[in-house]
2 protein chains.
Amino acid sequence: MTAAAHVVTVGALPGAALADPEGAVVAAALMEAGVPVASRVVLDEDEAALERALTPDDGLTVVIAGGGSAGDVARRVVARAVGARLVLNERFLAALEERYRRLDRPLPRRAERLALVPQGATTWPVDDGEPGWMLESGARALVVLARDGLPAALAAHLVPFARARFAGRGVVLVRTLRAAGVTLAEVEERLAEWLGAAERKGADVAVVPGDGEVWVRLRARGATLAEVSKILDRVEAPLRAALGDDCYGRDAESLEVVVGRLLRERRLTLALAESCTGGLLGHRLTNVPGSSAYFERGVLVYSNRAKEELLGVPAEILRTHGAVSAPCAEAMVRSVCERAGAPCGLAITGVAGPDGGTAAKPVGTVFVGLAVAGAVTSRHFRFLGGRASVKWQSTQAAFDMLRRALKGRT
Amino acid sequence: MTAAAHVVTVGALPGAALADPEGAVVAAALMEAGVPVASRVVLDEDEAALERALTPDDGLTVVIAGGGSAGDVARRVVARAVGARLVLNERFLAALEERYRRLDRPLPRRAERLALVPQGATTWPVDDGEPGWMLESGARALVVLARDGLPAALAAHLVPFARARFAGRGVVLVRTLRAAGVTLAEVEERLAEWLGAAERKGADVAVVPGDGEVWVRLRARGATLAEVSKILDRVEAPLRAALGDDCYGRDAESLEVVVGRLLRERRLTLALAESCTGGLLGHRLTNVPGSSAYFERGVLVYSNRAKEELLGVPAEILRTHGAVSAPCAEAMVRSVCERAGAPCGLAITGVAGPDGGTAAKPVGTVFVGLAVAGAVTSRHFRFLGGRASVKWQSTQAAFDMLRRALKGRT
């Protein structure tokens, strides 16, 4: 087994959906630097569980101590694991004092306890956050970072340290191609003939389900970042060609990032009309910094009255076809574009569930309306899954429709 | 070390922020049933890493195989770990055939491979999804579940199995009190005198950072669910009293769930006007099933033009005070309520960053406007953190303002 990095977060509840954003950030930063990350673990403040997670291999374990008493758990367990005593580390204490001086706040009573770290540990101070520390013992390295100050500690200490530590031991890079508007089975079938070739070029390829999309994951190992990048480039090209327009981006490029770039390049603005997604489309669009350059406005027309008043959807359409219908989606998108003076528009209306479904329009029935420069179209979808999943898939479908329409225009 | 459950997801990228929603669901269901969950692990499709995660203790390990080839990895590693051969399991194959018959789709070519499970495994079929399987070996139990069909497998198989397995070995329950509008330090200080008493009653209490809120986590161990619940009830009461109105809910009760319940009980409707949050407020509100009973409409007024046209915010306010100001927030909320005919309203305007900050209004400056039955107020916040965090904290603040205003009304 090759040495790898492990990321462990202590003090997060394993049963919480968003228990570990910090662990994901650390793992992503290490992977981007070419360091193989074998696992990410979420633990409650549990000394026995942390002991188990600190395996005695020759890798690197990064422990993120989530505030409160988690830091105490981490320092006790790491000290025991390497057989070191906890001692007052003067450099750590000085870094803490400096931190509180900057904050213009008195040093908390627990400061001296925080500065108790295993003998032999190296202090990793950061300008804006609590210091971390690192301990090498035999072939392994153990790092404990505080949540507070994590980005700075990553950039200044962990990434350079990990890169140096794994240098010469080979580099693993993972690259993810993202595809929308296709099923897993379709992608598997379309790529089948390329997988053997990829392996011969030195890369593993796996087709895995993303969230409302399909990911094709390329992984290669080699001596240097440059070498591995070249392997991945060679493998990526034919896979991309086989995926065609269904492949919309790579790695951190989400659909909203890609759609935003297309709008910006074409100097177009976008208006939104959301019913069943309730704001998720606008939320995703505005997660991208600088989205005010192309996002003009949106309306969340959750009631029929709002559909009539804010968008002038004819009562006739609502009566004859219902709010969940192609004519309604098209009326919504046409109107929001006109009123906003925006050339592009998206509208979503559907049944997110768990209630509100009928035999003709079961839960998961969604209509997406698209407008590009006056041309209005709509599509009918039937999504499976719970409320959150139907909302998410609806926004995936809407962004993907707009993406494909914009790609055709230059 | 007491036996505990471990949840492992295979085929998720450790560096992805939302890598493991399924693992969280499984861990939460086990914890709710009183089964202690010691860890949750996210692994790429990596046999060595999975081998490490399957420790030979006397606990229960639940492996979620995330589709694609992850199921192959899981069955190979589990078989090796217990020294069993992979054999074609007829009951598993029958369950798969039944699944595809229901879907009215042909059995995929990989079906026979899927039905290869370790000798001695018990098939766990579900009505709507791929079957899972379970293998007991010595003192430990290993369960492999497919992503597809997870909720059904949990309810029908895993939870009853785990409950029976851990019965008599003691039960651990965790309860989380959620507080908003206070800092971690304030909560720690306010609860300091109660923590000793909680320990004497047999519970651990930890104050940990939530996301834009503070969590007080109670954990107790005992012989039966009833006994442990009683311990937690006794500990919870004085802590709740000390937290007062700052404690808004427990466990899965998010702010949007609590706000929704208050609106429904008072038969009030809500209208939203969002600028910098771009739809997140509406998205969170509509994540709650049945929210159409109280959510009338929202507007995403990302441009000044939209603020004027959709809300009639006076150009004078935008010119004199700017869009990020208390007068603008108040004009927004007043207008959206009037136009929607809704008695309650929330408006958010601010600088989410990373660009757009000024010396007077740095990134993180946010104004929230609140209307309840014609009474309009606003508050000024200064949030730290990146774009996503500022958006999230803004919605936390807005929901919390509405919650406190509604609690005062009966």
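The values are calculated or read from the model by the stated rules, or taken from the named source; none is laboratory data. Note that the coordinates shown come from a computational prediction; the quantities given were computed from them, not determined experimentally. Cβ coordinates were reconstructed from backbone atoms using ideal geometry, including for glycine residues, and neighbour counts include every protein chain displayed.
Quick notes on this structure:
- Here residue A:290 meets the list (1) crowded, with 24+ Cβ neighbours inside 10 Å; (2) at the interface with chain B (Cβ under 10 Å from one of its Cβ atoms); (3) under 23 Å from the mean Cα position of the chain (by Cα) almost entirely, failing just condition (1).
- Condition check for residue A:207: within 11 Å of chain B (Cβ to nearest Cβ), part of a strand (DSSP E or B), within 26 Å of the chain's Cα centre (by Cα) and closer than 22 Å to residue A:396 by Cα: yes
Every residue, every condition in (1) within 31 Å of the chain's Cα centre (by Cα); (2) more than 14 Å from chain B (Cβ to nearest Cβ), yes or no:
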position	(1), (2)
A:269	yes, no
A:298	yes, no
A:310	no, no
A:334	no, yes
A:347	yes, no
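- Restricted to the stretch A:273-287, and to residues there that are crowded, with 24+ Cβ neighbours inside 10 Å and within 7 Å of chain B (Cβ to nearest Cβ), the residue that is farthest from residue A:323 (Cα to Cα) is A:286.
- Only one of B:82, B:78, B:35 that is under 26 Å from residue A:57 (Cα atoms) and either crowded, with 23+ Cβ neighbours inside 10 Å or touching a His at 6+ places or on another chain (Cβ under 8 Å) (or both): B:78
- The single condition among (1) out of contact with any Ser or Thr (no Cβ under 9 Å at 6 or more places or on another chain); (2) touching a residue at least 60 places away in the same chain (Cβ under 8 Å) that residue A:284 does not satisfy is (1).
- Scanning the stretch B:38-69 for residues that are more than 18 Å from residue B:153 (Cα to Cα), touching a strand residue (DSSP E or B) at 6+ places or on another chain (Cβ under 8 Å) and within 12 Å of chain A (Cβ to nearest Cβ) yields a total of 21.
- Residue match in the stretch B:78-98 (condition: within 20 Å of residue A:12 (Cβ to Cβ), at pLDDT 80 or above and not small (Gly, Ala, Ser)): no
- Unmet requirement for residue A:117, which otherwise passes all of (1) without any contact (Cβ under 8 Å) to a residue 12 or more places away in the chain; (2) more than 30 Å from residue A:208 (Cα to Cα); (3) of a type in the set (A, V, I, L, M, F, W, C): (1)
- Test result for residue B:334, within 23 Å of residue A:277 (Cβ to Cβ), of a type in the set (D, E, K, R) and assigned by TED's automatic domain parsing to the domain that holds residue B:367: no
- Of all the numbered requirements in (1) surrounded by fewer than 17 Cβ atoms within 10 Å (Cβ to Cβ); (2) outside any helix (DSSP H, G or I); (3) away from chain A (no Cβ under 14 Å), residue B:369 misses one, and that requirement is (1).
- Any hit, the stretch B:209-226, residues being at pLDDT 85 or above and polar (S, T, N, Q): no
- Test: residue in the stretch A:78-90 that is closer than 28 Å to residue B:22 by Cα and part of a helix (DSSP H, G or I): no
- Restricting B:363, B:333 to those that are β-branched (Val, Ile, Thr) and either in contact (Cβ under 8 Å) with a residue 40 or more places away in the chain or at positive phi (or both) reduces the list to B:333.
- Hey, residue A:348 of a type in the set (Val, Ile, Thr), crowded, with 22+ Cβ neighbours inside 10 Å and in contact with a helix residue (DSSP H, G or I) (Cβ under 9 Å, 6 or more places away or on another chain) or not: yes
- Evaluation of residue B:354 against (1) modelled with pLDDT under 95; (2) within 25 Å of the chain's Cα centre (by Cα) (one fails), failing number: (2)
- Residue check, residue A:407 of a type in the set (Lys, Arg) and touching a Leu at 6+ places or on another chain (Cβ under 6 Å): no
- Which listed residue, of B:162, B:185, B:152, B:192, is touching a residue at least 40 places away in the same chain (Cβ under 8 Å) and either of a type outside the set (Val, Ile, Thr) or part of a strand (DSSP E or B) (or both): B:162
- Odd one out for residue B:251 among (1) touching a residue at least 60 places away in the same chain (Cβ under 8 Å); (2) more than 12 Å from residue B:403 (Cβ to Cβ); (3) more than 21 Å from the chain's Cα centre (by Cα): (3)
- Filter result for residue A:55 (under 29 Å from the mean Cα position of the chain (by Cα), at pLDDT below 90, of a type in the set (Ser, Thr, Tyr) and surrounded by fewer than 19 Cβ atoms within 10 Å (Cβ to Cβ)): yes
- Among residues of the stretch B:79-98 that are without any contact (Cβ under 8 Å) to a residue 60 or more places away in the chain, those with a Cβ under 9 angstrom from a residue that is β-branched (Val, Ile, Thr) and assigned to a helix (DSSP H, G or I), sequence gap 6+ or separate chain, pair up as B:84/B:78.
- Residues located in the stretch A:170-184, provided they are over 12 Å from residue A:203 (Cβ atoms) and within 12 Å of chain B (Cβ to nearest Cβ): A:176, A:178, A:183, A:184
- Test: residue A:121 is buried (at least 16 other Cβ atoms within 10 Å of the Cβ) and under 29 Å from residue A:172 (Cα atoms): yes
- Flag if residue B:109 is of a type outside the set (Ser, Thr, Tyr) and closer than 20 Å to residue A:208 by Cβ: yes
- Per-region count, the stretch A:312-332, residues buried (at least 24 other Cβ atoms within 10 Å of the Cβ) and either more than 34 Å from the chain's Cα centre (by Cα) or of a type outside the set (Gly, Ala, Ser) (or both): 3
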